[in-house]
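What follows is a set of notes on a single structure, which appears directly below.
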2 protein chains.
Amino acid sequence: METRTEISSLGEFGLIQRINKSIKTTLPDTVRGIGDDAAVIDMGEEFGLLTTDMFLEGIHFDLTFFPLKHLGYKVISAGVSDIAAMNGIPRQVTVSIALSNRFSVEAVEELYTGMQLACKDFNVDLVGGDTTSSRSGLIISISVFGKVKKDKIAYRNTAKPNDLLCITGDIGGAYLGLQLLEREKQVFLANPNMQPELDGKDYVIQRQLRPEARMDVVYELDEAGVTPTAMIDVSDGLASDLLHICAQSGVGAVIFEERLPIDGQTMLAASELNIGPATAALNGGEDYELLFTVSQSAYEQIKDNPKITFIGYITDQRGAVELQTTGDSRVPLTAQGWNA
Amino acid sequence: METRTEISSLGEFGLIQRINKSIKTTLPDTVRGIGDDAAVIDMGEEFGLLTTDMFLEGIHFDLTFFPLKHLGYKVISAGVSDIAAMNGIPRQVTVSIALSNRFSVEAVEELYTGMQLACKDFNVDLVGGDTTSSRSGLIISISVFGKVKKDKIAYRNTAKPNDLLCITGDIGGAYLGLQLLEREKQVFLANPNMQPELDGKDYVIQRQLRPEARMDVVYELDEAGVTPTAMIDVSDGLASDLLHICAQSGVGAVIFEERLPIDGQTMLAASELNIGPATAALNGGEDYELLFTVSQSAYEQIKDNPKITFIGYITDQRGAVELQTTGDSRVPLTAQGWNA
């Protein structure tokens, strides 16, 4: 009799781990396969970078409140962010979409307008793709090709003890923006005459609907002559992504709750939704900020950059990833935040 | 009031044309964007090639008769075929899948076993991807990165008058294999005790379920010192794909019905299904053979290759793409075959 193991018994992460274990690379020009933000390909002078992402209606986005133009912008931004996380420069992107006849030609054009806007902002070319029909919702798959000088690449697994831990921008906003949008959707469904109450919440809403890959910081680090010792983009949440860096680098880390960069609007939204701002900052995903480590010698070069916050440091305590709380206790971080 | 144009009023092809018109490339290393089997990227010494494809359950495959292992093989083969169509060598592939909890861990492993088998056959590395949940069926998106020497690349739009028109292998089988599988499915649904009658049909079934990208011919052409003047892979059907070459090259073509390479099993299946074998050969897609043109001077180098059949020639009659029938009349080919 055939064995049937439910995916739920492993979880999505367990399933991915099980599949990845069986996959080996064999070509000399495959420098890095599965396990980082992008695959790394030896092109001689430079490294090529290749990353792919899939977005499904009903899983990754809700078109009742997600404008198609913003969605187009976001999917490109998310792909570019994976290239940024390797300290690379994105160059070409392909987009495949599947859609049903529920969509009009104008709706599809809105989606592409948003994608082209992002392509312009991040200086990438849309070079190909595939369009097909779908019996269910909208599905978008994007791949981004980029490049990076060989001595500039930043992997996840190369953080060193005593490195400084940095994050760009601010975090937690994209998650709270989504919570607000979902709350307003419920209000609207209950009473279609209600207008959404999103005044003064434009920043967190924008963080959810139209995130910006931090290519600006990639260029600024280059100008400052600084190469991160390790880097990842914050797509799953700071805690989860820091755990990736530490697990893959075989190190530990300490971060300071009081150092977490949280915007004022994010604070207000957290309060309104009765969610702790640190919880949102540590677990809320989709901020597409960069989490990276630098050697202490790089401190002087980047300390005055207002886009970069030092939030902690790397330790040699393999597996010990801890939050120093404002209450001055130290608690282990988990992929779901922290265990007090 | 907002205008709403139905996609059906343009058709899928019309929609793609409309979107593509608005897309321009701007980077100096983007050699070719949308419009060929793969995008072309300048990497200095060589060209990089990037292609992507999406496959949806219920649209592109039916899991009631499509074994997951074969499906895994096929999606990789289809992507590799796009690289072959540029006369390139595939190197790295990424795969994103979305699946519901209807699938077991073992089923997902079957799919990956098929993909890895294809990766081994075509000498490519599986280097990344994305796994997500789906509320509907199985969705697979693949991207393939390849490379090609700059003087070896074959585009679609460079066929010249008097070039010879060649096709690899044989055609029409994949389409008839699908018709047989769908017929047996209906028989089974009507009476679950019936066994499928597929004896002696293994070749056409295999053409549908487990097509092979023609990398063998790409290598043999290289050994023979021949570079096609233009090339495309036969995924939509010979007629449709030949029309692409002619339209993009600004030329015409004549092909000979009697020269169409059709396997004996394909003949038998066509007869059993009451479909003309030439109809299947011209319109049936998914054969993943290569359709290409060579200058007359290349004839001697490849005429003895049993995998290559000369089926016609290119003319300077822009837009006149014709079939010379066995009845010695000449009829225009359309994307649906021909108009007698």
### Summary
For the pair B and A, the solvent-accessible area buried on both sides (1.4 Å probe; DNA, RNA and ligands excluded), in Å² to the nearest hundred, is 6000
### Query
Could you give, in nm with one decimal, how far A:LEU63 is from each other copy of that position, shortest first, with labels 7 Å out from Cα toward Cβ?
2.3
#### Entry: Solvent exposure, largest accessible area first (probe 1.4 Å, DNA, RNA and ligands not counted), of B:GLU45, A:GLU258, B:GLU6
B:GLU45, A:GLU258, B:GLU6
#### Entry: Antiparallel %, DSSP beta bridges [both residues in the protein assembly as shown], to 5
80
### Message
Among DSSP bridges having both ends in region B:57-208, what percentage is antiparallel? Round to the nearest 5.
### Response
50
### Task
Go through region A:300-306 residue by residue and turn each phi into a ³J(HN,Hα) via Karplus (6.51, -1.76, 1.60, θ = phi - 60°); whole Hz please, and just put x for glycine and proline.
4, 5, 10, 4, 8, 6, x
### Query
What number comes out for the charge environment of B:PRO306, summing +1 per Lys or Arg and -1 per Asp or Glu over other residues with Cβ under 12 Å away?
-2
### Task
For A:PHE61, list long-range residues whose amide hydrogen, built 1.01 Å from N in the peptide plane, is under 5 Å from its own amide hydrogen.
A:LEU56
### Query
About its Cα centre, how strong a charge dipole does chain A have in debye, to the nearest 20, once Lys and Arg get +1 and Asp and Glu get -1 at the Cβ?
720
### Message
What does the C-alpha gyration tensor say about the overall shape of region A:127-188? Classify as rounded when a/c is under 1.5, otherwise prolate if a/b is larger than b/c, or oblate.
### Response
oblate
### Query
To one decimal in nm, how far is A:SER297 from the same spot in the other copies, if labels go 7 Å from Cα toward Cβ? Please give the shortest first.
5.8
### Message
From the protein chains alone at 1.4 Å, what is the descending order of accessible area for B:THR52, B:THR5, largest first?
### Response
B:THR5, B:THR52
### Task
Quick one: grab the alpha carbon gyration tensor of region B:80-218, order the square roots of its eigenvalues as a ≥ b ≥ c, and give me rounded if a/c is under 1.5, else prolate or oblate depending on whether a/b is larger than b/c.
oblate
### Task
Please build a GNM for chain B, connecting alpha carbons under 10 Å apart, and tell me which residue among B:PHE310, B:PHE61, B:PHE13 fluctuates the most.
B:PHE13
### Task
Write down the Å³ per residue value for the convex hull defined by the alpha carbon atoms of chain A.
180
### Query
All other residues with a Cβ under 14 Å from the Cβ of B:LEU10 taken together, and with Lys, Arg as +1 and Asp, Glu as -1, what is their net charge?
-1
### Query
Using a Gaussian network for chain B with springs between C-alpha atoms less than 10 Å apart, which of these wobbles most: B:ASP37, B:ASP121, B:ASP130?
B:ASP130
### Task
Any chance you could tell me what percent of the C-alpha pair distances in the protein assembly as shown go past 52 Å?
14
#### Entry: Between region A:68-141 and region A:1-40, the alpha-carbon center distance in angstrom
26
### Message
When a/c reaches 1.5 or more, the comparison of a/b and b/c decides; with that in mind, is region A:1-133 rounded, prolate or oblate per its Cα gyration tensor?
### Response
oblate
### Query
In terms of the ratio Rg/(2.2 N^0.38 Å) built on C-alpha atoms, what value belongs to region A:160-275?
1.31
### Query
Which number gives the lysine pairs in region B:26-152 that have C-alpha atoms under 23 Å apart and are eight or more places apart or on different chains?
5
## Note on the structure
For chain A, the helices passing both cut-offs (Cα extent along own axis of 15 Å or more, Kyte-Doolittle mean at least 0.5, full DSSP H runs) are A:68-84, A:238-249
### Task
Would you kindly work out, in nm and rounded to one decimal, the distances from the label point of A:SER8 to those of the same position in each other copy, ordered shortest first, with label points 7 Å along Cα-to-Cβ?
3.8
## Note on the structure
With x for Gly and Pro, the residue-by-residue ³J(HN,Hα) of region B:312-327, computed from phi through the Karplus equation 6.51 cos²θ - 1.76 cosθ + 1.60 at θ = phi - 60° and given in whole Hz, is x, 8, 9, 10, 8, 7, 2, x, 8, 10, 10, 10, 8, 6, 5, x
## Note on the structure
Under a Gaussian network model of chain B whose springs join Cα atoms within less than 10 Å, the largest fluctuation of B:ASN305, B:ASN193, B:ASN157 belongs to B:ASN193
### Message
Taking the Cα centroid of region A:261-316 and of region B:217-249, what is the distance between the two, rounded to the nearest whole Å?
### Response
53
### Summary
Judged on accessible area alone, 1.4 Å probe, highest first, B:ARG183, B:ARG207 line up as B:ARG183, B:ARG207
### Query
With Cβ to Cβ distances under 11 Å as the rule, what net charge do the other residues near A:LEU176 carry (K, R +1; D, E -1)?
-2
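The values are calculated or read from the model by the stated rules, or taken from the named source; none is laboratory data. Given the structure is predicted, the values throughout are model-derived calculations rather than measurements. We place every Cβ from the backbone using ideal geometry, glycine too, and count neighbours over all the protein chains shown. With ligands, DNA and RNA removed, areas are computed over all heavy atoms of the protein, side chains included. Shrake-Rupley method; radii C 1.70, N 1.55, O 1.52, S 1.80 Å.
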